[in-house]
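Input: a single structure, listed below in structure tokens.
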Amino acid sequence: MIKPEKFFDIANKIIQNFEDEAAYRTAISRYYYAAFLKIRIIFIGRLNEIKSKNIGLYNFIHDNESRNPHRFFILLISLKNKFLAELLYSLRTLRNISDYDLHKSIEIKHVNASEKFSNIIIKKADETIQKMFYDIQNNNMAFYAELSKILNKANEILESFRILLKSLGF
């Protein structure tokens with residue numbers, strides 16, 4: 001199995017070898033997937049550990065994750081680390097702009113921000129998810145309630161992330 005950090009390494013190599021907007025866009029995408037996949041692999045691994053102990057909780061989380069995994073993990077991470085969730089959201093938005101909004105200019109400053117955001121997320125993912133699963137295993141009803149609440153108010157939470165991105169010039 002490929003490790004998510006390999007995408008980070010590939011992004012660095014792209015930037016070292018190419019200095020054009022297409023390379024910047026590709027690197028930003030790889031930085032995002034390095035961070036997103038790191039969180040997802042750790043989380044799914046921990047989720048599978050509790051499957052036999054609490055199938056209801058497993059199904060609840062798995063069903064929500066499978067609908068929109070990118071948004072789900074941003075919201076889920078925000079339960080334990082709002083800063084990390086903001087970084088993941090910002091990185092996802094940069095990735096979406098890089099991949100789909102060709103009329104918007106992407107510069108090296110955007111690549112550098114993506115690299116920093118991805119690096120922080122990769123370093124903090126395990127610790128954040130470990131704290132989350134401690135709560136999941138010890139207080140299921142509270143976790144259900146908080147997760148349901150945050151999923152229902154997703155648009156309000158994501159609006160603050162949009163404001164952050166505007167401050168970065170997007």
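The values are calculated or read from the model by the stated rules, or taken from the named source; none is laboratory data. Everything numeric here is computed off the predicted structure, so don't read it as measured data. Neighbour counts run over all protein chains shown; Cβ positions are idealised from the backbone, glycine included.
Could you list, in sequence order, the residues of segment 5-20 that are closer than 24 Å to Glu127 by Cα, surrounded by fewer than 20 Cβ atoms within 10 Å (Cβ to Cβ) and not acidic (Asp, Glu)?
Across segment 5-20, the qualifying residue is only Lys6.
For segment 66-109, give me each residue that is hydrophobic (A, V, I, L, M, F, W, C), outside any helix (DSSP H, G or I) and closer than 18 Å to Lys124 by Cα.
Within segment 66-109, the first condition is being hydrophobic (A, V, I, L, M, F, W, C), and the residues that meet it are 72-77, 79, 83-85, 87-88, 91, 94, 97, 102, 106, 108.
So of that shortlist, the ones also outside any helix (DSSP H, G or I) come out as 79, 102, 106.
Result: Leu79, single match.
Within segment 35-56, identify whether any single residue is of a type in the set (Ser, Thr, Tyr) and part of a helix (DSSP H, G or I), and answer yes or no.
Within segment 35-56, the subset of a type in the set (Ser, Thr, Tyr) is 52.
Next, from what is left, pick out any that are part of a helix (DSSP H, G or I): none.
No, every residue in segment 35-56 fails to be of a type in the set (Ser, Thr, Tyr) and part of a helix (DSSP H, G or I).
Among the residues in segment 43-52, are any under 12 Å from the mean Cα position of the chain (by Cα) and of a type outside the set (Ser, Thr, Tyr)? Write out each step before concluding.
Within segment 43-52, the subset under 12 Å from the mean Cα position of the chain (by Cα) is 43.
Narrowing further to those that are of a type outside the set (Ser, Thr, Tyr): 43.
Yes - at least one qualifying residue is present in segment 43-52.
Just wondering, is there one or more residues in segment 21-29 that are more than 11 Å from the chain's Cα centre (by Cα), without any contact (Cβ under 8 Å) to a residue 12 or more places away in the chain and surrounded by 16 or more Cβ atoms within 10 Å (Cβ to Cβ)? Full working, then the answer.
Taking segment 21-29 and keeping what is more than 11 Å from the chain's Cα centre (by Cα), we get 21-29.
Filter again for without any contact (Cβ under 8 Å) to a residue 12 or more places away in the chain, leaving 22-23.
With surrounded by 16 or more Cβ atoms within 10 Å (Cβ to Cβ) added as a condition, the list becomes 23.
Yes, segment 21-29 contains at least one residue that is more than 11 Å from the chain's Cα centre (by Cα), without any contact (Cβ under 8 Å) to a residue 12 or more places away in the chain and surrounded by 16 or more Cβ atoms within 10 Å (Cβ to Cβ).
Quick check on segment 59-117: of everything there that is hydroxyl-bearing (Ser, Thr, Tyr) and crowded, with 17+ Cβ neighbours inside 10 Å, which residue is modelled with the lowest pLDDT? Don't jump to the end; show me each part of the working.
Step one: of segment 59-117, the residues hydroxyl-bearing (Ser, Thr, Tyr) are 66, 78, 89-90, 93, 98, 100, 105, 114.
Next, only the ones that are crowded, with 17+ Cβ neighbours inside 10 Å stay: 78, 89-90, 93, 98, 114.
Values: Ser78: 87, Tyr89: 95, Ser90: 95, Thr93: 96, Ser98: 97, Ser114: 98.
Step by step, filter segment 59-117, then rank; the result is Ser78.
Going by the structure shown, is Lys38 surrounded by fewer than 17 Cβ atoms within 10 Å (Cβ to Cβ), touching a residue at least 24 places away in the same chain (Cβ under 8 Å) and under 25 Å from Glu115 (Cβ atoms)? Show your work before the answer.
On the way: surrounded by fewer than 17 Cβ atoms within 10 Å (Cβ to Cβ): no; touching a residue at least 24 places away in the same chain (Cβ under 8 Å): yes; under 25 Å from Glu115 (Cβ atoms): yes.
It is false that Lys38 is surrounded by fewer than 17 Cβ atoms within 10 Å (Cβ to Cβ), touching a residue at least 24 places away in the same chain (Cβ under 8 Å) and under 25 Å from Glu115 (Cβ atoms).
Name every residue in segment 58-102 that is of a type in the set (Ser, Thr, Tyr) and within 15 Å of the chain's Cα centre (by Cα), in order of residue number.
Just the residues of segment 58-102 that are of a type in the set (Ser, Thr, Tyr), to begin with: 58, 66, 78, 89-90, 93, 98, 100.
Ser66, Ser78, Tyr89, Ser90, Thr93, listed by residue number.
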